[in-house]
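Engineer: Take a look at this one; I'll ask things after.
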Amino acid sequence: MSTELPLRLAKRVVPDPVRSRLKTTAARFSVWPPVGFVRFGSLRRARPIAPMWPPRYGRPIDRRYIEGFLARQSAAITGDVLEVGDLSYTNRFGGAGVTGRSILHSPIGAGQGVTYIADLADAPELPSGRFDCVILPQTLLFIYDVRAAIETLHRILKPGGVLLATVPGITQYVPDDKEMWGQYWSFTDQSLQRLFGDTFGADNIEIGSNGNVFTTTAFLYGLVVEDLRDRDFAEDDPDYPLILTVRATRHDEGRASS
């Protein structure tokens, strides 16, 4: 028996508002879990589970991605190395090939043992063509004139020298850092391609994206690596970047003309 007749009869018998509600209900159950049946559990809250600072006891989720990137790039951490903040990553991921270790710090909050105190956006005191590797974790978001900072980074590298940088994608404010330095930027893969490509040349940069909707959400809620499972980090979704990475090599002949 054809279904056309029962359907025509149903349209005559069932009022339009009822049919509309039935269609809406059916659509809600066409996905899983159905719309309105998501279990939010501990995430149903307007405030994070833990503040960004001081962090929850454990390893920050973004650090897992940052350290994974530097571990994969460890062969580039060699020769005369400059690291922003301290030497923790140089000492951890650099091998016997590291011949020089220097620390760069902003004029704000610089402590003892710093080799160079400078603002990357305007740093004539940093020597040109000096470093084989520059490690720049989570720094560019605090520098308003990002283009000038990238120009400085290109200038202080030796030809063939490598910059290893990480920046936030989806992130929250860090209150203490925002108050001390200002927090100006989050980034996308496209913005990094343009910013670094204009100075280093598009062929001399590699941009990576780390994170997925779950790890990024967990980070925003203030959770740590120990709250998650290893399999939660298995997939990177470029639509939900928590950390973006940059490997940029100075090859002057490949630099984009200005």
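Engineer: Suppose the Debye formula is applied to equal point scatterers at every Cα of region 68-156; what is log10 I(q)/I(0) at q = 0.14, 0.17, 0.23 Å⁻¹?
Structural biologist: -0.46, -0.69, -1.23
Engineer: Within region 160-258, which trypsin sites (Lys or Arg not before Pro) sit in a loop by DSSP and count at most 12 neighbouring Cβ atoms inside 10 Å? Display every interim value, and only then the final one.
Structural biologist: Values: sites: Lys178, Arg194, Arg229, Arg231, Arg247, Arg250, Arg255; in loops: Arg229, Arg250, Arg255.
The qualifying sites are Arg229.
Engineer: Would you mind giving the average projected area, over all directions, of the Cα convex hull of region 176-258 in nm² with one decimal?
Structural biologist: On the way: hull surface 29.5 nm².
Over all viewing directions, region 176-258 projects a mean Cα-hull area of 7.4 nm².
Engineer: Keeping all protein chains in place, calculate the accessible area per residue for the chain (probe 1.4 angstrom), answer in Å². Intermediate values should be presented prior to the final figure.
Structural biologist: Numbers: 14960 Å² over 258 residues.
For the chain, the solvent-accessible area averages 58 Å² per residue.
Engineer: Using only Cα atoms and rounding to the nearest 10 degrees, what angle (0 to 90) does helix 61-72 make with the longest principal axis of the chain?
Structural biologist: Tilt relative to the chain: about 50 degrees.
Engineer: Accessible area of the chain with a 1.4 Å probe: how many percent of it is carbon plus sulfur?
Structural biologist: Values: 7980 of 14960 Å².
It is 53 percent, rounded to a whole number.
Engineer: Nearest 10 degrees, 0 to 90: what angle lies between the long axis of helix 16-28 and the longest principal axis of the chain (Cα atoms)?
Structural biologist: 40 degrees
Engineer: Helix-only estimate, please: 222 nm mean residue ellipticity of the chain, summing -39500 (n - 2.57) across DSSP H runs of length 4 or more and dividing by its residues, to the nearest 500. Show your work: numbers first, answer last.
Structural biologist: On the way: 8 runs with 79 residues, N = 258.
After summing the helix terms and dividing by residue count, I get -9000 deg cm²/dmol.
Engineer: Here is a follow-up. Let me check I have the definition right: for the chain, take the eigenvalues of the Cα gyration tensor, multiply each by 5, take square roots. What are those semi-axes in whole Å, largest first?
Structural biologist: Values: eigenvalues 470, 95, 57 Å².
For the chain, the ellipsoid semi-axes come out as 48, 22, 17 Å.
Engineer: Cα-Cα pairs above 17 Å in region 102-195: how many percent? Don't skip to the end; give the middle numbers.
Structural biologist: Details: 2266 of 4371 pairs.
Looking at region 102-195, the distances longer than 17 Å represent 52 percent of pairs.
Engineer: So what's the angle, to the nearest 10 degrees on a 0 to 90 scale, between helix 189-200 and the longest Cα principal axis of the chain?
Structural biologist: 20 degrees
Engineer: Shape of region 83-134 from its Cα gyration tensor (a ≥ b ≥ c, root eigenvalues): rounded if a/c is under 1.5, otherwise prolate when a/b > b/c, or oblate?
Structural biologist: Numbers: a/c = 2.52, a/b = 1.40, b/c = 1.80.
In terms of gyration-tensor shape, oblate.
Engineer: Could you tell me what % of all Cα pairs in region 33-89 have separations over 18 Å?
Structural biologist: On the way: 976 of 1596 pairs.
Pairs farther apart than 18 Å: 61 percent.
The values are calculated or read from the model by the stated rules, or taken from the named source; none is laboratory data. Since the structure is predicted, the reported quantities are computational estimates derived from the model, not experimental observations. Cβ: placed from backbone, ideal geometry, glycine included. Neighbour counts: every protein chain shown. Protein only, heavy atoms only, side chains kept; ligands, DNA and RNA dropped before computing areas. Shrake-Rupley method; radii C 1.70, N 1.55, O 1.52, S 1.80 Å.
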